[in-house]
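The values are calculated or read from the model by the stated rules, or taken from the named source; none is laboratory data. Only a predicted model underlies this, so the values are computations on that prediction, with no experimental measurement involved. A quick note on method: Cβ atoms are made from the backbone with ideal geometry, for glycine too, and the neighbour counts reach across all protein chains shown. These area figures cover heavy atoms from the full protein model, side chains too; ligands, DNA and RNA do not enter into them. Shrake-Rupley method; radii C 1.70, N 1.55, O 1.52, S 1.80 Å.
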Amino acid sequence: MGGITFTNLTRQVEIGANCYCLDVAGQRLVLDSGLHPRFDGDAALPNHRLIPDGSADAILLSHAHQDHVGSLPVLMRRHPGAPVFMTEATRQLSDVMLHNSVNVMTKKCEEGVTSQPLFTHREVEQAVKRWRPVPLHTRFDVTGERLRADESADVSIEFFDAGHILGSVGTLIRAEGRTIFYTGDIQFDDQSIMQGARFPEHELDVLIIETTRGDRATPEGFTRASEELRLAAAIRAQFDRGAAVLIPLFALGKTQELLAMFHSFRQRGLLGQCPIYIGGLGTKLTEIYDKLAGQTPRQKPNLDLLHAVAPFTMAGKAAAATPLKGGRIYAISSGMMTEKTLSNSFARNVLSDPAHALFFVGYADPLSPAGRIRATAPGGTVQLSPEFPPQPLRCERGEFNFSAHASRESLRAYVNQVRPKKVILVHGDAPAVAWFRSTLSADLPASEILTPTPGVALEL
Ligand SMILES: [Zn+2]
Ligand SMILES: [Zn+2]
C-alpha cells in the first residue's frame with residue numbers, strides 16, 4: 001500500500017490562511033487556499049512555495065469564506081493544469097468574494113499599504129472558468145469524471161454538506177482502500193438558515209478536522225433558541241433607551257443567518273419594523289442565498305431574505321455618510337472589524353459613546369480589532385486602526401453565541417463516532433488545538449492525534 005502524505009501549508013498554527021496538501025496514490029490534492037485577514041501582500045498568503053509549481057493534480061474548495069478561498073487565484077496561477085472542484089453555491093459565492101477582494105486590495109494599494117494587488121478582476125474572471133461545480137454525494141475522480149456506484153478510481157472524491165454556510169462541504173477522499181475526510185468548517189447544529197452537517201458516519205482512517213471552538217466549553221443549559229430570545233430582548237432594551245446597535249459580522253453566512261433570525265423575531269412579535277442596515281457585499285451575497293434557496297440543503301427554502309426583511313444597503317461613499325441613529329440595527333462587515341472595513345470605520349462613532357451599543361455574535365481572531373475590543377474592560381482604551389487615535393471604550397457591549405462552527409463537544413462526539421486511526425487538528429488557535437489534542441488522546445488511546453507543524457510533511 002502506498003503512503004499518504006499531509007503537508008500543512010499555513011504559516012502558523014492558527015485560523016489565518018488555510019491550505020493543505022495531500023499526496024495520495026500518486027495524486028497531489030490541494031485543500032483550500034485562504035488569505036489571512038490580518039496581513040497584506042505576500043504575508044497574507046499560505047506557503048504555496050512548499051510544493052513545486054505545476055505539481056497539483058486537483059484543487060478542492062470547502063467553502064467561500066476568505067480564509068479558505070482568498071488566495072485561490074494565486075494558487076491556480078502556480079498550478080495552471082489543476083481543475084478546481086466545489087459546489088455550485090460555493091462557485092457563485094466565491095466569484096463575488098474574490099472580486100470584492102480585488103476591490104479591497106486595490107484600495108489598499110492606492111493608500112500605499114501594499115505595492116500591488118495579489119490578483120486582478122481579469123484574473124478572477126479567468127479563474128472562474130476553470131471551476132468545476134460538483135453536487136453533494138456524487139463520487140468523482142481527480143479529472144472531474146463522475147464515477148458510477150460500482151466504479152472505482154485510484155482516487156475518488158465526494159462532497160458532504162458541512163452545515164456551516166451555503167455551499168460548504170466536508171470532502172471524503174477514498175484511495176488505496178483508505179478513507180480520508182477533510183471537514184472544512186463545520187456546524188453540526190441547525191442555524192437559522194443552514195441545517196446541521198450531514199457527515200459520513202462510518203469509521204474513517206484519517207480525519208482532518210477544524211478546531212475553532214476548542215478553547216471554550218459550551219455553557220451549561222445553552223441553547224440556540226434561548227440565545228435568540230436573549231438577543232431579541234437585548235436589542236429591545238437598547239432601542240428603549242434610544243440606542244443604535246452595531247453588530248459587526250461576516251458578510252457571508254452570518255449576515256444571512258441574522259436576517260433570517262430578525263425575520264423570525266418580527267413574526268413572533270419580538271422585534272418591531274426597525275430599520276436594518278447591511279453592507280454592500282452582504283447584499284450581493286444575500287441575493288445568491290435567495291436565488292439558490294430552493295436548490296441547496298437549507299431550512300426555510302421559501303424565505304426570500306431581501307424581500308421579507310427588506311434591509312437597507314450601506315455601500316460606497318453613501319456608507320460613510322449613513323447617520324448613526326437610535327432604534328436601528330447596523331449589521332455590517334467585517335466580523336473581525338478589520339481595518340478599512342465598514343464595521344471598523346463605523347465603530348469609531350460608537351465605541352466611546354455610552355448612548356449606543358456594540359454586539360458581537362461570532363468568532364474573532366484574538367488579535368483583530370474585534371478580538372482586542374472583546375478583551376478590553378469597560379473604560380479601557382482601544383485603537384481601531386492606526387489611522388485613528390486610541391479611544392476609550394464606553395458603549396454598551398453584548399456578546400452572543402451564534403457561531404457557524406461546531407461546539408467542541410459535538411466535534412469530540414463526532415471524532416469518537418468515526419474513530420479515525422489518525423486525527424489531524426487544523427483551523428484553530430493554539431489553545432483550541434491543545435484542548436483537542438489532550439482530550440482526543442485520552443478518548444482514543446489507539447489513535448494518533450496530530451498537530452501538523454506548518455511546512456513539515458506528515459507521513460500517514
Ligand atoms: Zn468558514
Ligand atoms: Zn474557516
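A compact table of results
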{"quantity": "Net charge contributed by nearby residues that have their C-beta within less than 11 Å of ALA308 (K/R +1, D/E -1)", "calculated": "0"}
{"quantity": "Sites matching GluC sites (Glu not before Pro) across segment 66-125 that sit in DSSP coil, with at most 12 neighbouring C-beta atoms within 10 Å", "calculated": "GLU111"}
{"quantity": "Three principal axis lengths of segment 315-370 [C-alpha, angstrom, descending]", "calculated": "29, 27, 17"}
{"quantity": "Value of D in µm² per second that Stokes-Einstein yields for segment 381-454, Kirkwood Rh from Cα pairs, at 37 °C (0.692 mPa s)", "calculated": "213 µm²/s"}
{"quantity": "Cβ-based net charge around PRO200, under 14 Å, with every Lys or Arg adding one and every Asp or Glu removing one", "calculated": "0"}
{"quantity": "Percent antiparallel among DSSP beta bridges (both partners in the chain, rounded to 5)", "calculated": "45 percent"}
{"quantity": "With all protein chains modelled, accessible area of LYS129 [1.4 Å, Å²]", "calculated": "150 Å²"}
{"quantity": "Listed peptides 371-383, 171-183 by packing density, highest first (mean Cβ within 10 Å)", "calculated": "171-183, 371-383"}
{"quantity": "Solvent-accessible heavy-atom area per residue, rounded to whole Å², over the chain at 1.4 Å", "calculated": "39 Å²"}
{"quantity": "Difference of contour (0.36 nm per residue) and Cα-Cα distance, ALA237 to HIS307", "calculated": "22.5 nm"}
{"quantity": "Rounded D (µm²/s) - segment 107-266, Kirkwood Rh over Cα pairs, Stokes-Einstein at 10 °C, 1.306 mPa s", "calculated": "80 µm²/s"}
{"quantity": "Inter-site label distance for THR143 and ARG397 at 7 Å from Cα along Cβ, in nm", "calculated": "5.6 nm"}
{"quantity": "Cα pair distances of the chain binned at 20 Å [whole percent]", "calculated": "25, 58, 16, 0"}
{"quantity": "Long-range amide H partners of PHE360 with built H, under 5 Å", "calculated": "GLY398, GLU399, PHE400"}
{"quantity": "Portion, in percent, of the accessible area of the chain that falls on carbon or sulfur, probe 1.4 Å", "calculated": "51 percent"}
{"quantity": "Listed peptides 41-54, 284-297 by packing density, highest first (mean Cβ within 10 Å)", "calculated": "284-297, 41-54"}
{"quantity": "Size-normalised alpha-carbon gyration radius of segment 358-417, reference 2.2 N^0.38 Å", "calculated": "1.49"}
{"quantity": "Mean Cα-pair separation over length for segment 186-289, i.e. relative contact order, pairs under 8 Å, 6 or more apart, %", "calculated": "27 percent"}
{"quantity": "13 Å beta-carbon shell around GLY272, net charge (K/R +1, D/E -1)", "calculated": "+3"}
{"quantity": "Relative counts (whole %) of C-alpha pair distances in segment 335-460, using bins that are 10 Å wide", "calculated": "11, 33, 22, 20, 13, 1"}
{"quantity": "Spatial extent of segment 228-386: Rg and Dmax, with the Cα atoms as the point set, Å", "calculated": "15.4, 48"}
